[in-house]
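Structure first, then comments.
The values are calculated or read from the model by the stated rules, or taken from the named source; none is laboratory data. Since the model is a prediction, treat every value here as computed from it, not as a measurement. All Cβ positions, glycine included, derive from the backbone under ideal geometry; neighbour counts span all protein chains shown.
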Amino acid sequence: MSMPRRAMKELGLQACCLRCDESDVVGSQRCKSCISHHRNVRELIATAPADDELLQFAKELVVMTASPHRHDHDEVHGQVLLEQQRLAAALITATPLPTSEEVGDLFAAQRNTEKANIIRDVANQNPWKDSAPEVDVATKIGQNAWSDAEAEASIAHHGARTIPSKPIAKVDRSDRIGEDLELTDRIHAAVDAQSVPKELAEDMETLGFETRQRARKELKDAISNLDEILDDDLDF
């Protein structure tokens with residue numbers, strides 16, 4: 001088994017490398033020949049007409065192998081896609097877990113690092129933020145804050161309703177239908193399509209959108225059937 005070549009990853013066909021018996025030598029003649037052949041195949045699939053069912057099926061397979069973790073729930077190809085992920089995982093060197101000493105050093109470094117606080121360090125310019133004022137200063141502040149004029153003004157306006165200077169128009173909510181589920185599915189499908197080659201992105205997006213719409217419809221039908229069952233039970 002060879003480490004997938006970058007060119008094969010870009011083609012979305014790294015699964016071939018994972019099942020190849022060639023020695024893991026970058027730039028070998030067999031790798032070059034394989035990459036050249038698969039590039040021609042991928043270009044043929046990418047330019048396939050929409051009415052060619054065989055090439056459309058091949059295009060779906062390429063989309064699955066390019067992102068196996070997104071399609072390993074498929075009833076037909078799920079097990080093969082899971083095996084592809086296991087083969088890829090076997091080539092990754094496991095990262096050793098940190099020791100207890102390293103964890104302790106990390107916590108100690110975090111405790112000793114002073115984090116910036118915008119409110120405390122920039123916005124708060126109170127001269128007594130670090131220590132309380134002297135007794136005579138605090139007394140003077142209290143007297144100024146609770147003078148008769150200030151107290152009367154505070155009581156006079158307590159609980160008063162704000163009267164706007166201009167009339168506030170009512171908001172029309174008639175066009176707010178809630179979450180646009182179709183748009184949501186299109187956005188998720190477009191995000192998923194970013195992980196595949198550009199030539200397959202459009203087909204990947206369409207396939208992802210249709211899959212999400214189909215799953216949403218199946219869920220809606222299942223809930224509807226459940227409601228009917230519950231209604232029948234209530235009739236007895």
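Figures for the structure shown
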| read-out | value |
| --- | --- |
| Residue check for residue 7: under 27 Å from the mean Cα position of the chain (by Cα) and more than 20 Å from residue 192 (Cβ to Cβ) | yes |
| Lone qualifier among 46, 15, 50, 58 - being touching an Asp or Glu at 6+ places or on another chain (Cβ under 8 Å) and outside the structural domain of residue 188 (by TED's automatic domain parsing) | 46 |
| Candidates 33, 67, 28, 23 - the one that is surrounded by fewer than 15 Cβ atoms within 10 Å (Cβ to Cβ) and either in contact with a helix residue (DSSP H, G or I) (Cβ under 7 Å, 6 or more places away or on another chain) or at pLDDT 85 or above (or both) | 33 |
| Elements of type helices (runs of 4 or more DSSP H) contained in region 92-169, each with 2 or more residues being at pLDDT 70 or above, out of contact with any strand residue (DSSP E or B) (no Cβ under 8 Å at 6 or more places or on another chain) and of a type in the set (A, V, I, L, M, F, W, C) | 100-112, 135-145 |
| Breaking point among (1) more than 32 Å from the chain's Cα centre (by Cα); (2) modelled with pLDDT of 85 or more; (3) outside any helix (DSSP H, G or I), for residue 51 | (2) |
| Cβ-Cβ under 6 Å pairs, at least 6 apart or on other chains, region 211-229 side closer than 26 Å to residue 63 by Cβ, far side part of a helix (DSSP H, G or I) | 212/185; 213/185 |
| Test result for residue 43, among the charged types (D, E, K, R), outside any loop (DSSP other than H, G, I, E, B) and without any contact (Cβ under 8 Å) to a residue 12 or more places away in the chain | no |
| Residue within region 75-84 that is at pLDDT below 85, of a type in the set (A, V, I, L, M) and out of contact with any helix residue (DSSP H, G or I) (no Cβ under 6 Å at 6 or more places or on another chain) present | no |
| Tally of residues being in a loop (DSSP other than H, G, I, E, B) and among the β-branched types (Val, Ile, Thr) across region 68-91 | 1 |
| Yes/no for residue 103 being closer than 27 Å to residue 206 by Cβ and out of contact with any Gly (no Cβ under 9 Å at 6 or more places or on another chain) | no |
| Search result, residues across region 41-75 that are of a type in the set (Val, Ile, Thr) and under 21 Å from residue 189 (Cβ atoms) | 45, 62, 63, 65 |
